[in-house]
Amino acid sequence: MKTILVLNGPNLNLLGTREPAVYGAHTLTNVEALCDAECAKFGFKMDFRQSNHEGVLIDAVQEAGRAQAAGSLIGIVFNAGAYTHTSVALHDAVKGSGVTVIELHISNVHAREAFRHHSFLSPVAKGVIAGFGVAGYALAISALAGMS
Ligand code: DQA
């Protein structure tokens, strides 16, 4: 059984209480359950992680790259939070590891502040999903399933 890594970056542990008008009322635990159900639909195992630390996310991306090369992982659904807009290191990690990434944002970042319009991940992502709320996680999993 192949795995999909759902990787969440900084402040996503605050889902449910953080700016509910932007991110909705769902908690990260709700998102994990939604992703688990979607992965099960396709017969995939899910690995669900969240970290507020850039280096931990980089380690996870590199580990995923090795797992994909070994044939045990399909790819990453990656909500890198604010690191999307700042992290050359995450760009390099995705590029260097060769892992398949679907970039995911709960909110429509392009309808928000200008500093959210640039992404260091988009140029190295297979695709981008933004603005569909937490339902975007299921869309991203289904996109990865379609590619596998
Ligand atoms: C986010 C959008 C980012 O701009 C923001 O920094 C986040 C969450 C989203 O899911 O909409 O932390 O990635």
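Brief remarks on what is shown
- Only one of F44, F48 that is over 14 Å from the mean Cα position of the chain (by Cα) and buried (at least 17 other Cβ atoms within 10 Å of the Cβ): F44
- Residues of region 124-139 that are in contact with a Gly (Cβ under 8 Å, 6 or more places away or on another chain) and over 15 Å from H110 (Cα atoms): K126, V134.
- Hits in region 16-36 - residues which are in contact (Cβ under 8 Å) with a residue 60 or more places away in the chain and either of a type outside the set (V, I, T) or surrounded by fewer than 20 Cβ atoms within 10 Å (Cβ to Cβ) (or both): V22, Y23, G24, H26, N30, L34, C35
- Subset of region 72-122 [part of a loop (DSSP other than H, G, I, E, B), in contact (Cβ under 8 Å) with a residue 60 or more places away in the chain and more than 16 Å from the ligand (Cβ to nearest atom)]: S72
Rule-based calculations on the coordinates, nothing more; no lab input. Just so we're clear, the structure is a prediction, and the values are computed from it rather than from any experiment. Cβ: placed from backbone, ideal geometry, glycine included. Neighbour counts: every protein chain shown.
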